[in-house]
């Protein structure tokens, strides 16, 4: 009897038609085919302090010539749809994954889209191309010559840990290898902080080294910690082939070299140890964090790159070029691949962020002292208007520092007082005063451990000694740190959940590096998003939608509060990317303070003013609305009218599936319940918010069921179970009814074992059917 394809599910179509066609074409199902390939983690969605994951992007099939060298995507549909119904989705995934051959199938055959030619054609099931055929077409499309093929097809490194590159790392690695195979000698990769640049670099080096394309490789960084972490982690597989170069250790018998710029260069000729190597000694140099100045014409270390100019040089950076600082792309060329913070957040690999903008009256209006006013120490204050660029630099308003410390503390008390927090200040003196102000607001926790709040700046050995503890997710202290420049870069604070900006930042590079301190996700420690608390308006000044994306929300104040970002004085000093030191470790230098006069004023009040709630919707448009309005609008996008919603609710086997779908779209009903303030069922909450229906509480719905004497027709045990289920619903909601696991909990354990209870209903199927009937009664 012939199979009617129209009755088959998509999974049946794949199993009976598509997979056999792929196998018949010669593809090894175990090694060359990845089915149901999820290549993102799903965006983290945040509303208030509630978090959910959006849907992962998933391709039906990825076909690879060799592991991590993918050639084709296949998107499958059931046979009720046309053969090309999956093509649009396949093309979208092909662009993201950098895969050239896209196929769509409904089991009748395939539609093929060739990205090299831009053409489409129809294929029978038995005409699907073989691996060798697609590989030849790939090489032709890319213009890969026979002598380049060995480099391009070199295997990745794999070990027993099972770690493999994420899709964007694989794209960066393959594009780099192909560019080098074709003779390109200056390459730039832009990858946001937290996306694994050093692991990407390791795989690039490994493949070029194993293919003998590059035999001696130099990895350059500007901090000891970056070199040491790289050697201990991603590069450890190079073993004794690897060495760290410094003035005491110039051994030319290795193949992989790692070094600090500072240990290879200096103002004296004897310090320039890079000259101990011949100019053609290295054939590959990778420059980590190349935006920090190594590529600038006036950089003290540019000479290293120019000395080894015959080597292929790859620049890695988390910061795309900016108008005032284009040295990176001028030297390396335009990036061959960019993976932005925006994309990382969208994919769910990086933490999204909220922005809390707090405006202070003196920041908005400025401050002018009365004539003849003396400061706290008797100094005559120069008569002029002082604005936000002066505060804490030329003039200190002590009550401004106090109110900022109070607002930070208020925020942490509402969230979690042990969330790791970095407060960026104007200079060392400001960082110390902020430390003191925060201590006074948190004296109860300081009594328990005086390391709860610490200053970590370049001049303070005690603070710097605690940096590793701050970074360590398992270490509770220090919890809050104040700093000025020291922690802008190179601090892998995976659990940092609050970044406070009270510094006049005017460098896009510096701003992005600071934001990078919060972008890592550490779900096992509850770190899924972070908050930027901005007291100087710098988040508005550095908006970069292409790279950073939009924050998930700007400010979440108490009811009635609003916010207006302060104006920024465009002439404030650009701290830029200056470096200090000629050897050893490297830190951003806290600026010199000795030559500057600072007035200190302790009797001028400072107040918070003008706060408003602003949300970014899913289209990136900034709207001012309440959480109620946001929820109503987005539910109405899913369900056009009341009947459409009720029909879906009644037809859905598990109501929780509807609630999960809403959560994936950023609709958090638990968050809105706080505002509505009633013990409503999710069903009633949706009816009330989206369709203006009068709601019932769960208790009212449960009592209505009891009034109808619904339980009268059941046996004693079944009746007792149903009454207990109704009580569970009344107290905790509909999700409690839908899990059979609930029978293992009180009060059901007092009634009998799960097996005994289910048997009293006549078996599992009848128990489930009875629960469904109870749900219908609840929502009648």
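The values are calculated or read from the model by the stated rules, or taken from the named source; none is laboratory data. Note that the coordinates shown come from a computational prediction; the quantities given were computed from them, not determined experimentally. Cβ placement follows ideal geometry from the backbone for every residue including glycine, while neighbour counts extend to all protein chains displayed.
Scanning segment 389-424 for residues that are within 30 Å of residue 495 (Cβ to Cβ), in contact (Cβ under 8 Å) with a residue 60 or more places away in the chain and out of contact with any helix residue (DSSP H, G or I) (no Cβ under 8 Å at 6 or more places or on another chain) returns 403, 407, 411, 412, 415, 416, 418.
Scanning segment 46-56 turns up no residue that is under 30 Å from residue 204 (Cα atoms), surrounded by 18 or more Cβ atoms within 10 Å (Cβ to Cβ) and either touching a strand residue (DSSP E or B) at 6+ places or on another chain (Cβ under 8 Å) or at pLDDT 95 or above (or both). Take the residues in segment 515-543 that are assigned to a helix (DSSP H, G or I) and touching a helix residue (DSSP H, G or I) at 6+ places or on another chain (Cβ under 9 Å); name whichever of them is farthest from residue 483 (Cα to Cα). Applying the filter and picking the extreme gives 541. When the residues of segment 709-725 are filtered to those that are modelled with pLDDT under 80 and within 24 Å of residue 649 (Cβ to Cβ), the one that is surrounded by the fewest Cβ atoms within 10 Å (Cβ to Cβ) is 711. Just checking, does segment 130-137 include any residue being without any contact (Cβ under 8 Å) to a residue 24 or more places away in the chain, under 35 Å from the mean Cα position of the chain (by Cα) and outside any loop (DSSP other than H, G, I, E, B)? No, segment 130-137 contains no residue that is without any contact (Cβ under 8 Å) to a residue 24 or more places away in the chain, under 35 Å from the mean Cα position of the chain (by Cα) and outside any loop (DSSP other than H, G, I, E, B).
Looking only at segment 1-31, residues that are assigned to a loop (DSSP other than H, G, I, E, B) and exposed (fewer than 15 other Cβ atoms within 10 Å of the Cβ) come to 10 in all.
Within segment 726-780, the only residue that satisfies the criterion of being part of a loop (DSSP other than H, G, I, E, B), more than 43 Å from the chain's Cα centre (by Cα) and buried (at least 19 other Cβ atoms within 10 Å of the Cβ) is 761.
The residues in segment 500-510 that are surrounded by 23 or more Cβ atoms within 10 Å (Cβ to Cβ) and either in a helix (DSSP H, G or I) or at positive phi (or both) can be counted, and the count is 2.
Here's the yes/no breakdown for (1) closer than 23 Å to residue 535 by Cβ; (2) assigned to a loop (DSSP other than H, G, I, E, B); (3) touching a helix residue (DSSP H, G or I) at 6+ places or on another chain (Cβ under 8 Å):
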| residue | (1), (2), (3) |
| --- | --- |
| 426 | yes, yes, no |
| 429 | yes, no, no |
| 437 | yes, no, yes |
| 446 | yes, no, yes |
| 458 | yes, yes, yes |
| 463 | yes, no, no |
| 473 | no, yes, yes |
| 478 | yes, yes, yes |
| 482 | yes, no, yes |
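Confirm whether residue 40 is outside any strand (DSSP E or B), outside the structural domain of residue 152 (by TED's automatic domain parsing), surrounded by fewer than 22 Cβ atoms within 10 Å (Cβ to Cβ) and touching a residue at least 60 places away in the same chain (Cβ under 8 Å). Yes. The criterion of at least 1 residues that are exposed (fewer than 15 other Cβ atoms within 10 Å of the Cβ) is met, among helices (runs of 4 or more DSSP H) falling completely within segment 629-706, by 642-651, 655-664, 669-676. Considering segment 454-486, the residues that are under 16 Å from residue 427 (Cα atoms) and free of Cβ contacts under 8 Å to residues at least 40 places away in the same chain include one that is surrounded by the fewest Cβ atoms within 10 Å (Cβ to Cβ), namely 464.
Per the conditions (1) touching a helix residue (DSSP H, G or I) at 6+ places or on another chain (Cβ under 9 Å); (2) part of a loop (DSSP other than H, G, I, E, B); (3) surrounded by fewer than 20 Cβ atoms within 10 Å (Cβ to Cβ), the sole criterion not satisfied by residue 162 is (1).
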